[in-house]
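Read the figures in this text as sums done on the coordinates, not as results from a lab. Not measured: the values here are computed from a predicted model. Every residue, glycine as well, gets a Cβ built from its backbone with ideal geometry; the counts of neighbours run over all protein chains shown.
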Amino acid sequence: MDPVTRKLFKGVLLLEMAGLAGAYLLFYRMDTSQDFRHTMSMRVPSILGLYYKSKEWGGVPGIKEEDQLKWLRNKD
């Protein structure tokens with residue numbers, strides 16, 4: 001491989017690894033903090049929807065309903 005191709009390959013690989021790490025950290029933060037999930041529901045509801053779907057696919061149903069109940073109680 002020539003040096004330019006090698007540098008390009010390394011750059012793309014590092015970019016993908018950074019994206020994967022960022023996605024994992026975002027998922028971890030949503031998984032451990034209900035307040036952060038509330039913030040995400042206000043800012044980027046589509047990502048929160050993906051979080052809920054992934055938890056349902058993983059066999060952990062009911063998180064969305066628990067969050068909505070808590071958020072409704074806190075409004076009053």
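Quick one: in the stretch 27-39, which of the residues that are closer than 12 Å to D67 by Cα and more than 8 Å from the chain's Cα centre (by Cα) is surrounded by the most Cβ atoms within 10 Å (Cβ to Cβ)?
The residue in question is R37.
Yes/no matrix, rows are residues, columns are (1) under 19 Å from N74 (Cα atoms); (2) β-branched (V, I, T); (3) free of Cβ contacts under 8 Å to residues at least 60 places away in the same chain:
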residue: M17; (1), (2), (3): no, no, yes
residue: A21; (1), (2), (3): no, no, yes
residue: F27; (1), (2), (3): no, no, yes
residue: S33; (1), (2), (3): yes, no, yes
residue: F36; (1), (2), (3): yes, no, yes
residue: G49; (1), (2), (3): no, no, yes
residue: Y52; (1), (2), (3): no, no, yes
residue: V60; (1), (2), (3): no, yes, yes
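Restricting attention to the stretch 32-76, the residues that are aliphatic (A, V, I, L, M) and farther than 18 Å from G22 by Cα total 5.
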